[in-house]
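The values are calculated or read from the model by the stated rules, or taken from the named source; none is laboratory data. Since this is a predicted model, take the numbers as computed values, not measurements. Here the Cβ positions follow ideal geometry from the backbone for every residue, glycine too, while neighbour counts run over all protein chains shown. Protein only, heavy atoms only, side chains kept; ligands, DNA and RNA dropped before computing areas. Shrake-Rupley method; radii C 1.70, N 1.55, O 1.52, S 1.80 Å.
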Amino acid sequence: MTTAFCEYRPGLEGIPVTKSSISYVNGEEGILEYRGIRIEELAAKSSFLEIVYLLIWNTLPSEIQLKEFENDILYHRRIKYHIRDMMKCFPGTGHPMDALQTSAAALGLFYSRRALDDPEYIRKAVVRLLAKIPTMIAAFHQMRKGNDPIQPNDDLHYAANFLYMLTERKPHPIAARVFDVSLMLHAEHTVNASTFSAMVTASTLTDPYGVVASAVGTLAGPLHGGANEEVLSMLEEIGSIRNVRPYVEERIARKEKIMGFGHRVYKVKDPRAVILQNLAEQLFQETGNDPYYDIALELEKVVEDKLGAKGIYPNVDFYSGLVYKKLGIPSDLFTPIFTIARAAGWLAHWKEQLATNRIFRPTQVYTGKHDQPYIPIEERT
Ligand code: SDX
């Protein structure tokens, strides 16, 4: 096959790499749908585990199906002591995303049988990964503080249990609901970088633990999921409302990115940022304002003024950190939390990829030389 007719697009911008019915984004109008249902409606009425079911099995579950799924997840929340002991050897100063990537891959040591045409194998892999990822994140967090991991609490549902494992306190119902909504918002987003990574890995027919581990590594970067952690450091660095404009102007002059802004697809404010901002405001009403919120509002205004014409508006990572901060979550856990949610999307794409699989093997535009002589080492300068 010749590449003569193919246009090279950096970052594969605008190039379809699959046919998918999992989610839909309209970047001009700020629309996001999971399986055809608007994100606003899901965020108001659904729950994270119901959305996982919808994304993976392409239907809203009946009451019985949902209960069974929730119970299955609950049953698989604990991690093997081998995994815990392995995690104890991780340096506590390491980033939790690195700990998570290693632990997710390590799950494959225990459940590696690849029966990719067996729906029961697929269901078990989905359940195990979604059940154990929060436990592994919380366990690493406890162990780096010198504590034993806190066991999952069977009385608490998915989101509340994660917050419990971080603090050993049952969270306020509003905190648990806000966290659950945030998980819903981050669950899936068409072919973003980490999902593409998952799809490429899936296309080799490797096991789902390897698929998720490769996607975790991709999500960690500051241009993708890692931006939520960077947003908070940026707000800290700015420090006060009067520093916002000079900060933005300096960054633009130095051609540096402002974290939490811009998106390959959205040319308007990300609909998830709108919902997250509302959630942040609800939390502030309940528990008091956060000084960084006023800085964030001013930042949004100034960036719109300076970069709005280029279609640069807040993305999902802009307000999520403020929500998590208010829930008392340390900032280096923000991206691992994104992982808890996005594992749903990765696994939905894994399943979809398997149904029509062909290994990903794109091509390139070669820019090197040909027919070069081999120079013996002693003659090289
Ligand atoms: C996520 O893809 C997904 O769906 C991702 C995600 C998901 O749910 O999976 O939505 C989650 O990853 C959100 C994005 C988090 N990242 C950040 O907040 C980091 C800051 N944003 C950017 O680096 C950037 O906007 C990206 C990475 C999000 C998008 O990169 P693109 O599409 O490659 O855009 P680009 O870097 O080529 O920028 C295009 C133009 C440039 O200006 P010009 O050279 O054309 O004049 O827009 C400017 C950029 O300089 N620009 C910004 C900017 N983002 C783009 N300028 C200042 N600050 C920014 N944040």
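What the table below lists for this structure:
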| quantity | calculated |
| --- | --- |
| Förster radius 25 Å - calculated FRET efficiency between Lys170 and Leu297 (Cβ-Cβ, nearest 0.05) | 0.20 |
| Alpha-carbon radius of gyration plus Dmax, which is the widest Cα pair, for segment 3-71 in Å | 16.8, 55 |
| Size of electric dipole in segment 113-248: Cβ of Lys, Arg +1 and of Asp, Glu -1, about Cα centre, debye, nearest 20 | 140 debye |
| Pair Lys45, Asn153: separation of 7 Å Cα→Cβ label points (nm) | 3.1 nm |
| Cβ charges +1 (Lys, Arg) and -1 (Asp, Glu), total dipole of segment 63-104, debye | 260 debye |
| Gain upon complete extension [Arg177, Glu286; 0.36 nm per residue less C-alpha separation] | 37.9 nm |
| Test item: Cα-centred dipole of the chain, Lys/Arg +1 and Asp/Glu -1 on Cβ, debye | 580 debye |
| Value of relative contact order over segment 220-320, rounded to a whole percent, pairs C-alpha under 8 Å and six or more apart | 45 percent |
| Förster-model FRET efficiency, 56 Å R0, Thr93 and Lys369, C-beta, rounded to 0.05 | 0.80 |
| Per residue, in Å², the accessible surface of segment 139-197 once ligands and nucleic acids are set aside, probe 1.4 Å | 38 Å² |
| Computed lengthening from Glu7 to Thr206, 0.36 nm per intervening residue step minus Cα-Cα distance | 68.6 nm |
| Accessible surface of Cys89 - all protein chains present, 1.4 Å probe, nearest 10 Å² | 110 Å² |
| Candidates Arg254, Arg128, Arg358: whichever shows maximal mean-square fluctuation once the chain is modelled as a Gaussian network with Cα springs under 10 Å | Arg254 |
| Accessible surface, 1.4 Å probe, highest first, among residues Val323, Val268 | Val268, Val323 |
| Length added when fully stretched, Gln65-Asp305, from 0.36 nm per residue minus Cα-Cα | 81.5 nm |
| Above-threshold pairs, the threshold being 21 Å between Cα atoms, out of Lys80/Lys170; Lys19/Lys67; Lys269/Lys310; Lys255/Lys301; Lys145/Lys325; Lys267/Lys351 | Lys80/Lys170; Lys19/Lys67; Lys267/Lys351 |
| Calculated FRET value between Tyr81 and Ile31, using beta carbons and R₀ = 51 Å, to 0.05 | 0.65 |
| Whole-Hz ³J(HN,Hα) from phi, Karplus 6.51 cos²θ - 1.76 cosθ + 1.60, for segment 61-67, glycine and proline x | x, 6, 4, 5, 4, 5, 4 |
| Area accessible to solvent at Glu250, 1.4 Å probe radius, in Å² | 100 Å² |
| Using alpha carbons only: equivalent-ellipsoid semi-axes of the chain, gyration tensor based, whole Å | 32, 30, 23 |
| Mean-position separation - Cα centroids, segment 93-124 and segment 227-294, in angstrom | 34 Å |
| Solvent-accessible area, 1.4 Å probe, carbon plus sulfur percent, for segment 164-253 | 55 percent |
| Segment 134-208 and segment 8-27: distance between their alpha carbon centers, rounded to Å | 27 Å |
| Charge sum, other residues only, whose C-beta stays under 13 Å from Ile337's C-beta, Lys/Arg counted +1 and Asp/Glu -1 | -2 |
| Carbon plus sulfur fraction of accessible area for segment 1-67, probe 1.4 Å, in percent | 53 percent |
